[in-house]
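S.K.: Let me begin by handing over the structure; questions about it come next.
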Amino acid sequence: MSSEVSKLCVSLIPENLEQLKKWLPQCAESDLVEVRIDLMNAPDFAQIRKLVDKPVIITPRTMAEGGRWPGSVSDYVKILQAACAADVDYVDVEFPLAKQVLPQLDRGKTQIVLSHHTGEKTLDALRVILEKMMTHDADVFKLILEADSLKESAVALDLMSFAAQTGIQFVIHAMGKNGQPSRLMGAARGNAWTYVAKDYDQETASGQPALHEARDFYYLHKKSSNTRTLGLVGWPIQQSKGWRFHNRLIDLKISPANGEGNGSDYLYVNFPIENLDEFWANWHTHLHGLSVTIPHKEKIIRHLTEFSTEVRMSGVCNTVVATKTGWRGHNTDLLAMEQILRPHQETIKNGGLIVGTGATARSAIAALKRLEVNPIFVVGRNDDRGKMLSQKFGIDYLNFNEIHYASAVVIIQTTPVGMSPYIDKYPPGTALFRKNRVVLDVIYNPAETRFLKIAKDRGCVAISGVEMFLAQAAKQFEIFTGEPVSIAEVRRVWEELF
C-alpha cells in the first residue's frame, strides 16, 4: 500500500455542457472529476476535456449497474471510443460488459476503470469477483457492495487489504449510510481515490460525503497509509459533535503537514451501533481507539485486556485504545469530573447528589469519592439500578420523590434530559439549588441547559458540560495519540467549530 496522500474525485451527473461548466468551479479543490454522462445527449468529449482542468473520468453508468444510461452495447462501445479519442484520462467500463467492450476499444493514452456494483456481501464471494475482474486488462479495479449494516463496511476494508496485497490499483467501498465508514477509511487503506459529491444534496451515489465535508471536516486529502482510525461508538449518536472536534484537533496537532506529531496520523469516524458485541467482532482489528458512549460504557469492558485504575473503581469505560497485547480501557469522564471539581473540594466535601443511575453516574460517584465528598446520594427512577449503586459504592439511593432528603453541596446531572433538541426539559434536582452550591450538568449540547440556567439564576456555581467534554477530550487525545494537548488548545478548537 502506498503512503501517498489520498485523492478526492467529485462525481457529477450533468444534463449538458453548460451545466457542467457551471458546476466545475465547485470542484476546484478536488483531484479528479468524474463526469457521469447518463443524462447527456451526444456528449462532446473534446469540450469536456477542455473544460475540466484536472484528470477526468468518463462514465456511462447503465441501468443494470444502478445508473441511468439507456443505450445499447454497441452505443456503449461507440461512446467510450469517442471518449478515448478525445484523450480523456479514464473511462469507466462495467465488468459485465468487459468481454464485449474492452477488445473493441482503441484506448490510446486513456486508462480503464473496470467497475462493478454487486449484491454479494461476503469476503469470499467478493474476492472471487475481484479475481475475475483482474483477468481483464484494466488500470483501476472498482468493486462496490451494498451495506445493510456497518458489517459490510468492515468487509469492504478486508477486501481492500486483499486487493492491496495483489499490487493492483483499486477503489473499493460499500454503498449507503452504513457504507460511509468504508469510503472515509478507504482514503487511508489504498483506494486510488474517494468519490465525493460537489455538495450535500448532489450525491451521485448513496453515502458519498460532500467535497467540503471530506476536506474540511475529515481532512481526507491529507490521509495516507500512516493514518489510523479512531471513532465514537454508541446509540444514538446523531447529536454528537465530537467527530468534527477530534478531526480538527488531529489536523492541528498531528497531521504531518501541520503538526509536530509522532509520525502517525488519525481519522475519527462515528459508528452508530446498538449491538456492541457484533460490532466488536467485525471491527476491532480495523481500529486504533474508540470513544465509548451510552449505552456501551459498561458493556465494552468485557472486550478489554487491560484497565486503568479509574475503570476498576467505577466499572465504567469511555475510552479504549489498542495495545500490543490487546485493548486497554480508560475512564476520562471520571478524570475530567475530578479535575473540574477539585478547585471546589473544600466547598463540596460536605455532601453530593448525583442525578441519574447510568454509566456516567458511576463515574460521578467514583470522582466524588476520590474528592472525599461525604455523604453521597444518587437519585433516579430506576430503583433496581439505584439500589445496586447504593450497595456497590456504599452510598444512599433516593427516588425522585425523596430528593429533598439529600444533603448536597454539589449536584451532578448525568442524564440525557435537556439535551438538544429537547432543550426545554430538565430533571429533578433544582429544588436543592442554593447560593454558592456547585452544579455540573454533563450535557454539552446545548452548552447551557435549562437545568444549569436555573442553577445560575439561583446563585449556584454552574459548570457546563462543555467544560467536562473539553477536559475528557484532552485526556482522550493524549491516550489515542501519545501527544499532550492543553485545555487552552482544546477550547480554541471547540470555539472555532461551535
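The values are calculated or read from the model by the stated rules, or taken from the named source; none is laboratory data. As the structure is a computational prediction, the values presented were derived from the model and not from experiment. Neighbour counts are summed over all protein chains in view; Cβ atoms, including those assigned to glycine, are modelled from backbone coordinates with ideal geometry.
S.K.: Can you confirm whether the stretch 462-481 contains a residue that is of a type in the set (V, I, T) and touching an Asp or Glu at 6+ places or on another chain (Cβ under 7 Å)?
M.R.: So far as the stretch 462-481 goes, no, none of its residues is of a type in the set (V, I, T) and touching an Asp or Glu at 6+ places or on another chain (Cβ under 7 Å).
S.K.: Right, here's the next one. Quickly run through the stretch 353-386 and pick out the residues that are surrounded by 21 or more Cβ atoms within 10 Å (Cβ to Cβ) and of a type in the set (D, E, K, R).
M.R.: Within the stretch 353-386, just R362 meets the criteria.
Yes/no per residue for (1) without any contact (Cβ under 8 Å) to a residue 24 or more places away in the chain; (2) in a helix (DSSP H, G or I):
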| site | (1), (2) |
| --- | --- |
| S407 | no, no |
| L440 | no, no |
| E448 | yes, no |
| I454 | no, yes |
| V466 | no, yes |
| A471 | no, yes |
| A488 | yes, yes |
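S.K.: Anything in the stretch 195-209 that is within 20 Å of L150 (Cα to Cα) and not in a loop (DSSP other than H, G, I, E, B)? List them, or say none.
M.R.: Y195, V196
S.K.: If only one of F498, F480 is at negative phi, touching a helix residue (DSSP H, G or I) at 6+ places or on another chain (Cβ under 9 Å), in contact (Cβ under 8 Å) with a residue 40 or more places away in the chain and surrounded by fewer than 22 Cβ atoms within 10 Å (Cβ to Cβ), which one is it?
M.R.: Residue meeting the stated conditions: F498.
Let's see how each residue does on (1) within 26 Å of T481 (Cβ to Cβ); (2) not hydrophobic (A, V, I, L, M, F, W, C):
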| residue | (1), (2) |
| --- | --- |
| A154 | yes, no |
| A197 | no, no |
| Y200 | no, yes |
| F217 | yes, no |
| S224 | yes, yes |
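S.K.: Restricting attention to the stretch 77-91, which residues are farther than 24 Å from N191 by Cα and either within 34 Å of the chain's Cα centre (by Cα) or not in a helix (DSSP H, G or I) (or both)?
M.R.: Residue satisfying the conditions is A86 alone.
S.K.: Please find, within the stretch 37-50, the residue that is nearest to K109 (Cα to Cα) out of those that are assigned to a loop (DSSP other than H, G, I, E, B) and of a type in the set (A, V, I, L, M, F, W, C).
M.R.: Selected residue: I37.
S.K.: OK, next. Going through the stretch 100-117 one residue at a time, which ones are within 22 Å of G66 (Cβ to Cβ) and surrounded by fewer than 16 Cβ atoms within 10 Å (Cβ to Cβ)? First the steps, then the outcome.
M.R.: To start, the set of residues in the stretch 100-117 that are within 22 Å of G66 (Cβ to Cβ) comprises 100-102, 112-117.
Within the stretch 100-117, Q100 is the sole residue that qualifies.
S.K.: Which residue out of L130, L159, L126 is more than 28 Å from L276 (Cβ to Cβ), crowded, with 17+ Cβ neighbours inside 10 Å and assigned by TED's automatic domain parsing to the domain that holds P43?
M.R.: Answer to the check: L130.
The rows are residues; the columns are (1) touching a residue at least 40 places away in the same chain (Cβ under 8 Å); (2) closer than 30 Å to Y218 by Cα; (3) touching a Pro at 6+ places or on another chain (Cβ under 7 Å); (4) assigned by TED's automatic domain parsing to the domain that holds Q100.
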position: E18; (1), (2), (3), (4): no, no, no, yes
position: K21; (1), (2), (3), (4): no, yes, no, yes
position: L32; (1), (2), (3), (4): yes, yes, yes, yes
position: K50; (1), (2), (3), (4): no, no, no, yes
position: I57; (1), (2), (3), (4): yes, yes, no, yes
position: W69; (1), (2), (3), (4): no, no, yes, yes
position: V88; (1), (2), (3), (4): yes, yes, no, yes
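S.K.: Could you tell me which numbered condition D441 fails, if it satisfies all but one of (1) surrounded by 22 or more Cβ atoms within 10 Å (Cβ to Cβ); (2) more than 15 Å from A336 (Cβ to Cβ); (3) assigned by TED's automatic domain parsing to the domain that holds T415?
M.R.: It is condition (2) that D441 fails.
S.K.: Name the single residue that is surrounded by the most Cβ atoms within 10 Å (Cβ to Cβ) among those in the stretch 215-248 being assigned to a helix (DSSP H, G or I) and hydrophobic (A, V, I, L, M, F, W, C).
M.R.: L220
S.K.: Looking for something at pLDDT 95 or above, more than 17 Å from E478 (Cα to Cα) and not basic (K, R) - is there at least one such residue anywhere in the stretch 249-269?
M.R.: yes
S.K.: Sticking with this structure for a sec: Do the conditions hold for D53, that is, is it on the phi < 0 side of the Ramachandran plot and either in a helix (DSSP H, G or I) or acidic (D, E) (or both)?
M.R.: Criteria met by D53.
S.K.: Restricting the search to the stretch 418-469, which residues are within 34 Å of the chain's Cα centre (by Cα) and among the acidic types (D, E)?
M.R.: Result: D424, D441, E448, E467.
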